[in-house]
Structure formats: structure tokens, C-alpha cells
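To start, the structure under review is shown below, and the notes come after it.
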Amino acid sequence: MKTNMKKIASYFLIITGLFLFFTNLVDAKECTTVYGGGEVCETGELSLDKKVFNPKANEYWDNIDSKDYTFAPNEEVKFSLRIKNISNIKVDSARINDDFDRLDDYMVFVGSDKGDYRAEVTDHKVKFEFGGLEPGAEATVYFVARFKLENQLPVGTTCITNAAHAYSHIDAASDSDFATFCVKANNGKIVTTKTPDTGFALSNILVIEALAFAGLGSIAWIKAKSLTK
């Protein structure tokens with residue numbers, strides 16, 4: 001009877017150990033015991049590579065200088081975002097936020113028409129949710145935006161930098177990357193900056209000072225004349 005109990009206990013310990021092992025793989029968190037009791041668990045880390053499509057070269061580039069290619073008003077722009085788990089533990093909830101609010105003055109979002117993941121646009125951000133990513137696993141997503149009409153863009157060549165952030169934690173960005181590209185509007189809107197009327201111009205101040213000194217001189221002359229009488 002004692003032997004059977006020992007066997008049952010051994011089997012139980014083995015099953016419990018296997019359960020904890022596989023649970024740890026699923027949770028994919030690396031936990032360490034901290035002084036005073038308790039544990040601190042960390043999830044994996046991500047890398048992010050953001051690119052913009054160069055129509056002239058027919059490939060995605062990190063950045064497109066105006067001398068290499070300049071977009072036109074109403075032209076579509078394609079973006080790619082590659083996310084990768086670069087740690088040796090699983091990332092439980094990987095996501096990307098693209099800061100589209102930086103593009104609002106120049107572009108409109110068209111859609112994400114390629115890849116296995118669809119974008120959600122909320123709070124002026126293009127968002128992708130990936131769920132879990134195993135160590136070394138990666139995924140690439142795409143989205144398309146279009147420049148506004150010529151009369152809605154600043155006249156001349158304007159270069160824009162658009163950033164994106166990859167998250168493996170709830171709040172802190174695991175990695176960030178950006179892409180720069182340019183648009184040219186020959187007949188765009190004129191953007192002028194007016195200096196606020198916060199004071200007098202220097203020429204006005206000099207005139208006032210001259211008048212003030214002339215006034216003081218007149219008063220002094222009158223006073224001197226009255227004393228000599």
C-alpha cells in the first residue's frame with residue numbers, strides 16, 4: 001500500500017511539473033523572485049522596421065529623399081511595418097501603433113489591403129494587434145495613405161517624418177522606427193507666419209524717443225527763459 005502511495009505521489013509530482021513547465025511556455029513570461037517576496041515577470045522584446053514604398057525604384061525604402069523621388073498631390077503612399085520578437089521568450093501581446101496624426105494635415109488613410117493583419121484606425125493612430133509572437137517570430141503588415149489635393153497642401157516641396165512604435169508591454173514602447181518622404185505642390189496653398197503685434201517697431205520707438213527729447217528740450221528752454229526774467 002505504501003509503495004502504491006509513493007508511486008501515486010511520484011506520478012502526481014511529475015504531472016504537476018509537466019503542467020507548470022508547459023504553462024510557463026504558454027505564458028512565456030520570465031519571472032524572478034524579488035527580495036522580500038513575490039515575483040517580477042517580464043515579457044519579450046520586439047524590433048520594428050518601418051519602410052515607405054519608392055515607386056521609382058519599385059521597392060520599400062527606409063526613407064525617400066526628395067532627389068530620389070517626390071510624391072505628387074493625390075498620390076498614394078504605401079507603408080510596411082515589420083515586427084519581430086528578438087528575445088528568447090514569447091511576447092504575449094504584440095502590437096504596433098503608427099502615429100498617423102502627424103500626417104493628418106497632408107494625407108488621408110486609405111486602408112490596409114495586404115497581409116494577414118488588418119489595421120484599426122482610432123485616435124488618429126493606425127493600430128495592428130498580433131497576439132502572441134514566439135521567439136524569433138516576425139510579421140509584416142502594410143497600409144496605404146493618399147496625399148490630399150494640391151490646394152490643400154503647402155506650396156513647394158514638403159518632407160514629412162512618420163513614426164511608429166512596437167509594444168510588447170502595456171505602456172512602454174519596445175522599439176520605434178520612422179520613415180521620411182516628400183511631396184511637391186506647385187500650386188499649393190501659401191502658408192504664411194504673421195508676427196503677433198506684441199510691441200512697437202524699433203522705428204516707432206526711435207520717433208517717440210526723439211519727440212520726447214524734443215519735448216523735454218522745449219520745457220527746459222521755457223524754464224530757463226522764465227528764470228532769466
Debye sum, Cα scatterers, region 46-185, no solvent: what log₁₀ I/I(0) at q = 0.19 1/Å? -1.06
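For Asp101 and Lys189, calculate 0.36 nm times their separation in residues minus their Cα-Cα distance, and state this gained length in nm to one decimal.
Values: separation 88, 0.36 × 88 = 31.68 nm, distance 2.04 nm.
Once the chain is fully extended between Asp101 and Lys189, it gains 29.6 nm.
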Determine the sum of side-chain charges near Tyr106: Lys and Arg each +1, Asp and Glu each -1, restricted to other residues whose C-beta is under 11 angstrom from that of Tyr106. +1
Let me check I've understood the local charge: for Glu120, count other residues with C-beta under 13 angstrom from its C-beta, Lys and Arg +1, Asp and Glu -1. What total comes out? +1
Please find the FRET efficiency linking Leu149 to Ser93, where r is the Cβ-Cβ separation and R0 is fixed at 41 Å, and quote it to the nearest 0.05. 0.55
What distance in nm separates the simple spin-label points at Glu138 and Asp65, each placed 7 Å from Cα in the Cβ direction? 2.6
Long-range amide H contacts for Gly111: which residues qualify at under 5 Å (H placed 1.01 Å from N, peptide plane, sequence gap of 5 or more or a different chain)? Val144
With a 10 Å Cβ neighbour count serving as the proxy for reagent exposure, in which order, fewest first, do Lys50, Lys67, Lys184 appear? Lys67, Lys184, Lys50
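Every read-out reported here was derived from the displayed coordinates using simple, explicitly stated rules and does not represent laboratory data. For clarity, every value in this text was computed on a predicted model and none was experimentally measured. Cβ atoms come from the backbone with ideal geometry, glycine included; neighbour counts cover every protein chain shown.
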